[in-house]
Amino acid sequence: MAEHKAIIDWRRAAGADFRKGQYSREHTWTFDGGVTVPASASPWVVREPYSNPSCVDPEEALVAAASSCHMLTFLHLASRRGIQVDSYHDEAVGVMTKNERGIPWVSRITLHPVIAYGGERLPTPAEEQELHHLAHEQCYIANSIKTEVRVGEACIENERQP
């Protein structure tokens, strides 16, 4: 069993009126490899100057994690089949809606991978679709969330129930 750790660090700035909600949501994420990422609440959730749009917000991080995991799994599967991938570019989009209790959540993530292949063995469209389906089924993140994940126009839904 593997453990994955992150250190989240926030401090109230001197003079910030915490009880009135007038405080910065900027903080850092530090990962076990030593990388520190500036983070903040989304400006869609908390208005500036109490959020910082140049920082990564949790919603963006969720979308990036789902996209990255799908890509890494796709690359592994393609490699195992002898299909050479030269580049993989995704402009993933997460959509927030309100659930049945009126609470906002990331209800859908749509991946838009653009993949360049090289070598002698190129996948057919059906093989590429199968690779995406298998990547979704084996992606650790997709198996950990209740969010619907779509690849382009084809919807790949989680089998796990919310």
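How large is ³J(HN,Hα), in whole Hz, for each residue of the stretch 108-114 in order, when computed from phi with the Karplus curve 6.51 cos²θ - 1.76 cosθ + 1.60 and θ = phi - 60°, using x for Gly and Pro?
With coefficients 6.51, -1.76 and 1.60, one gets 8, 10, 10, 8, 10, x, 10 Hz.
Select from 90, 57, 32 the residue whose mean-square fluctuation is largest in a Gaussian network model of the chain (Cα-Cα springs shorter than 10 Å).
In this elastic network of the chain, the residue with the biggest mean-square fluctuation among 90, 57, 32 is 32.
Run the numbers for residue 8 and residue 60: contour at 0.36 nm per residue of separation, minus the present Cα-Cα distance, in nm.
Using 0.36 nm per residue and subtracting the Cα-Cα distance, I get 17.1 nm.
Measure nothing fancy, just the Cα-based angle from helix 125-138's long axis to the longest principal axis of the chain, in degrees from 0 to 90, nearest 10.
Approximately 50 degrees, to the nearest 10.
I want the antiparallel fraction of DSSP beta bridges within the stretch 58-156, as a percent rounded to 5.
So the antiparallel bridges in the stretch 58-156 amount to around 80 percent.
Given a 10 angstrom Cα cut-off, can you work out which residue in 115, 141, 103 is the most mobile in a GNM of the chain?
The residue that fluctuates most here is 103.
Take the alpha carbon gyration tensor of the chain, find the square roots of its eigenvalues, order them as a ≥ b ≥ c, and report rounded if a/c is under 1.5; if not, report prolate when a/b exceeds b/c, else oblate.
prolate
Expressed as a whole number of Å, what is the distance separating the alpha-carbon centroids of the stretch 7-74 and the stretch 127-152?
The distance from the Cα centre of the stretch 127-152 to that of the stretch 7-74 comes to 25 Å.
Using the 10 angstrom Cβ neighbour count as an exposure proxy, how do 89, 4, 133 rank, fewest first?
If I rank by nearby Cβ atoms, fewest first, I get 4, 89, 133.
Using a Förster distance of 45 angstrom, determine the FRET efficiency expected from the C-beta separation of residue 96 and residue 122, and round it to 0.05.
The calculated FRET efficiency here is 0.75.
Restricting to DSSP H runs of at least four residues, report the calculated mean residue ellipticity at 222 nm for the chain, -39500 (n - 2.57) per run over all residues, nearest 500 deg cm²/dmol.
Taken over the chain, the calculation gives -8000 deg cm²/dmol.
Report, by chain and number, residues whose modeled amide H sits under 5 Å from the one on residue 90, excluding near sequence neighbours (fewer than 5 apart, same chain).
114
Restricted to Cα positions, what overall size does the stretch 1-92 have along the principal axes? Three whole-Å values, descending.
Cα extents, longest axis first: 60, 29, 19 Å.
If one takes the longest principal axis of the Cα atoms in the chain, at what angle in degrees, from 0 to 90 and to the nearest 10, does the Cα axis of helix 58-80 lie?
The answer is roughly 20 degrees.
Looking only at 120, 137, 48, which one moves most when the chain is put into a Gaussian network model with springs between Cα atoms under 10 Å?
Highest fluctuation of the listed residues: 120.
Where a number appears in this text, it was derived from the coordinates with a stated rule and is not lab data. Not measured: the values here are computed from a predicted model. In this analysis, Cβ positions are derived from the backbone assuming ideal geometry, glycine residues included, and neighbour counts consider all displayed protein chains.
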